Each structure stands twice: as structure tokens, then as C-alpha cells.
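To keep things clear, I will list the structure first and then write my remarks on it.
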Amino acid sequence: MFESVEPLVAEYADLEVRLADPAVHADQSVARRLGRRYAELRPVVSTYRSWREAGDDLEAALELAADDPAFAAEAEALEGRRAELADRLQVLLVPRDPLDDSDVILEIKA
């Protein structure tokens, strides 16, 4: 469903490795740029990982629901959680305005 997230997860992992390198922090502008991108990707990646984990838990709950009816209620709750995470992930994947990070001067007059 969210195939477009896989490249973002790979980029996030690459940024983790690059930010762990002390040589990157010698140039503060590069480190700042990488840190900003890392911070932008963090909510998307964590939501995606939670969505996948909820899917795995849902599969297990559905398998166990045949033997124990308590797991059927858990599976229903997991379906709702997974739908909630999918909605949140769709909102996070909406392209951002490139000027969102720019400074602004706001003048308020009486």
C-alpha cells in the first residue's frame, strides 16, 4: 500500500549512518542539512514502522482468534489502530511546501 515509503526508510537509515560519522560534523552546514532532513523523515518512518508492526500483530491475532475468542477482540482493535496509522501516514506523505522552512517577517498594525 505504501510503496513510496520504502525509499524514505532507506534514506532515513542512510542519514543515521552519515550522522554517526564524526567527519560529517566537521562541516556544520552539512551536518545541519542532514539533521534537518533526518528530523523531517522521523515521523514518517516511525509511523510506517508502527503501521507494519500493527499489520504483523493483526496477522498473529487473526491466526490465534480461531482458538481463543479474546484474540478476536484484539484483532478488531488492531484493525482500527492500523487504519488510524494509515490515515496519519497519508497525511505525512503529502508533499511539503519548499518555503515552509523559510523565515518570515510579520507586521501587525493597529
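Residue 27 - would you say it is over 23 Å from residue 95 (Cα atoms) and either among the charged types (D, E, K, R) or touching a residue at least 12 places away in the same chain (Cβ under 8 Å) (or both)?
Spelling it out, residue 27 is indeed over 23 Å from residue 95 (Cα atoms) and either among the charged types (D, E, K, R) or touching a residue at least 12 places away in the same chain (Cβ under 8 Å) (or both).
Kindly indicate whether any position in region 52-67 is of a type in the set (A, V, I, L, M, F, W, C), open to solvent by 50 Å² or more (accessible area, probe 1.4 Å), at pLDDT below 90 and part of a helix (DSSP H, G or I).
yes
From the set of residues in region 71-100 that are open to solvent by less than 60 Å² (accessible area, probe 1.4 Å) and small (Gly, Ala, Ser), which is nearest to the chain's Cα centre (by Cα)?
Residue satisfying both the conditions and the ranking: 86.
The values are calculated or read from the model by the stated rules, or taken from the named source; none is laboratory data. Since this is a predicted model, take the numbers as computed values, not measurements. As a convention, Cβ positions derive from the backbone with ideal geometry for all residues, glycine included, and neighbour counts pool all protein chains shown. Accessible surface areas use protein heavy atoms only, side chains included; no ligands, DNA or RNA. Shrake-Rupley method; radii C 1.70, N 1.55, O 1.52, S 1.80 Å.
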